[in-house]
Structures are given as C-alpha cells and as structure tokens.
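Heads up, the thing below is written out as structure tokens.
The values are calculated or read from the model by the stated rules, or taken from the named source; none is laboratory data. The structure presented is a predicted model; accordingly, all values stated were derived computationally and were not measured. Quick reminder, even Gly has a Cβ in these numbers, built from the backbone with ideal geometry, and neighbours come from all protein chains shown. Areas reflect the complete protein model, heavy atoms only, side chains present, ligands, DNA and RNA absent. Shrake-Rupley method; radii C 1.70, N 1.55, O 1.52, S 1.80 Å.
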Amino acid sequence: ARRQTPGDFDIVQRLVWMYGSEDKKEAAKKVVDDAINAAPDEAKFKILKLSLDGASPELIRAAQREAINQIKDPLTRELRFFDFELTLGDFPTALRHLENAEKLNPDDKSVMELRFRVSLELREWDRAQALIKKLAAQNADEAQGRIYQFRLAMARGDIDKALAVSRELVNELPTFARPHLCLAEALQANHQSEAAIKEYKNANEAQTSAEA
C-alpha cells in the first residue's frame, strides 16, 4: 500500500510507529523520506522527519505552524491555530485566532462551540447562555441545546440543575451514550459514586449498541 500511495499520512504514520516499536529507526526514516519525495510540499511529513531526527521542540513547533498555514480554508486554518496555541498554553494567542474565526463566520457551529467553551472558562455566563440559544436553534448537540445547558450548569457549580437536565436527557434519549455520560458526571460531582458507575456502564452499553 505504501508503494502505491506513499503520500498517505495515516499509512506512513502507522508504519513509522510499527518500525519504532521494533527499534528499526532507519526503516522508519526511509518510509518518511519516500513520503516526502512523493509529496514534497506536505508539511506533516516534514514534522514526522524532524521528530525522528530528534529535532528541538522549537523546530517542531515551527514546522507545525507551517503545516497549519498550508490549510487553504481560512476558517479551518484559524480554528486549527486556536487548538494549536491552546495546546501550547498560549491562551491570549489562541483567543485571537478564535476572534478571527468569528469574523469569518460567527454562526459556524464549531466557532460557536469553541466560544462557548471559552465563555465557560472565563465565567462569562450571560454570553454562554446567549450562545446556547444560537446553538440550540441549529440543534448542534442533537438535544435541543440541553447538552450545553448541562455544561453551563456544571461550570457554574449548579449540580442540582445539572442532575435535572441530565436525567431529563436520559429519560428522553435512553439509547444514546451522551445523556448517560452527562448524568454520570453530575452524579460523580454530587458524590454519588455507585450511581455514577452505573451510568458510566449504561453509557458504555449504549455506545457498544450504536456501533454494532
């Protein structure tokens, strides 16, 4: 498969992992070199090569930024930069990328969900509630916004409301995993360990059934 599609990143990455687990570093390097030859403009392969060569974290981060800059869609690029800078712990820079994304498409589901997460982190409750209305209008959580209501209640420490919302979700959507996960999280926060474990098991069963 590698000879036919040497530029396929997933295949190359899996081969590199396999060779690495067998301590075959030169074989891993050859896989990456072949991929770079097949797709010389693909930054992801250059990052993989830098990692194999033991490059400094600074060089690897620079290559990662280059890879993100190659993304043609401006909205996707800004969202990817948000995640990247957040991973590095640079919240102000990440926030600037989110603001850029909002200028491009403020009603995009992914943009609104990220802003909702940020609003919870910054304890901007009114802004979070306003976002829930917009997300619910799109049924972005497939639960008429109640997953977001649950998240807001948990962030505010309103465990009673979180329990009420999650129980309502479980009653209405018992075959889906997410409502059970929400209820389990709320029960755990309420120090009801045994009941929480039961709901985690219910979530696992629902997920297994969905994948069957």
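Nearest 500 deg cm²/dmol is fine: what mean residue ellipticity at 222 nm does the chain get from its DSSP H runs of n ≥ 4 alone, each adding -39,500 (n - 2.57), divided by its residue count?
Helices in the chain give a 222 nm mean residue ellipticity of -24500 deg cm²/dmol.
Taking residue 72 as the anchor, which lysines have their alpha carbon closer than 19 Å to its alpha carbon, excluding any fewer than eight residues away along the same chain?
44, 46, 103
Work out, step by step, the length gained on full extension between residue 210 and residue 159: first 0.36 nm times the residue separation, then minus their alpha carbon distance; give nm to one decimal.
Once the chain is fully extended between residue 210 and residue 159, it gains 15.5 nm.
Taking a point 7 angstrom from the Cα of residue 142 along the C-beta vector, which residues in the range 173-203 have backbone N less than 14 Å away?
Counting only backbone N, you get 173-181.
Any aspartates and glutamates with Cα under 17 Å of the residue 161 Cα? List them, leaving off those in the same chain fewer than 8 positions away.
126, 172, 185
Please compute the length gained on full extension between residue 59 and residue 195, using 0.36 nm multiplied by the number of residues separating them and subtracting their Cα-Cα distance.
Between residue 59 and residue 195, full extension yields 44.1 nm more.
Helix 159-172: angle to the longest alpha-carbon principal axis of the chain, degrees 0 to 90, nearest 10?
In the chain, helix 159-172 runs at an angle near 80 degrees to the longest axis.
Could you work out the relative contact order of the range 79-212? I mean the mean sequence separation of Cα pairs under 8 Å and 6+ apart, divided by the number of residues, in percent. It would help to have the intermediate numbers written out before the result.
Values: 136 pairs, mean separation 17.0, N = 134.
That works out to 13 percent.
Which of the peptides 86-97, 173-184 is most tightly packed, and how do the rest follow, judged by the mean count of other Cβ atoms within 10 Å per residue? All intermediate terms of the calculation are to be shown ahead of the outcome.
Working: 86-97: 14.2, 173-184: 20.2.
Highest mean packing first, the order is 173-184, 86-97.
If you place +1 on the Cβ of every Lys and Arg, -1 on the Cβ of every Asp and Glu, and leave all else neutral, what size is the dipole of the chain about its Cα centre, to the nearest 20 Debye?
On the way: 32 positive and 36 negative charges, 35 e Å.
Approximately 160 debye in magnitude.
For the chain, what is the accessible area per residue in Å², given a 1.4 Å probe and the full set of protein chains?
On the way: 12780 Å² over 212 residues.
On a per-residue basis, the chain sits at 60 Å².
Measure off, as a whole percent, the carbon and sulfur share of the 1.4 Å-probe accessible area of the range 9-87, all protein chains present.
With neighbouring chains kept in place, the figure for the range 9-87 is 52 percent.
What's the carbon and sulfur percent of the range 89-146's accessible surface, probe 1.4 angstrom, rounded to a whole number?
Solvent-exposed carbon and sulfur of the range 89-146 make up 46 percent of the total.
Once you place label points 7 Å from the Cα toward the Cβ at residue 173 and residue 9, how far apart are they in nm?
It is 3.0 nm.
Run through all the Cα pairs of the chain and give the fraction in each 10 Å bin from 0, expressed as whole percent.
Distribution as computed: 8, 23, 23, 24, 19, 3 percent.
Rank 79, 187, 122 by mean-square fluctuation in a GNM of the chain with C-alpha springs under 10 angstrom and give only the top-ranked residue.
122
With Kirkwood's inverse mean 1/r over C-alpha pairs for Rh, give me the Rg to Rh ratio of the range 1-95, two decimals please.
Taking Rh as the inverse mean 1/r over Cα pairs, Rg/Rh reads 1.02.
Calculate the length of the line joining the C-alpha centroid of the range 48-77 to that of the range 129-162, in whole Å.
Answer, in whole Å: 35.
With each label point set 7 Å from Cα along the Cα-Cβ vector, what nm distance links residue 91 and residue 17?
Distance between label points: 3.2 nm.
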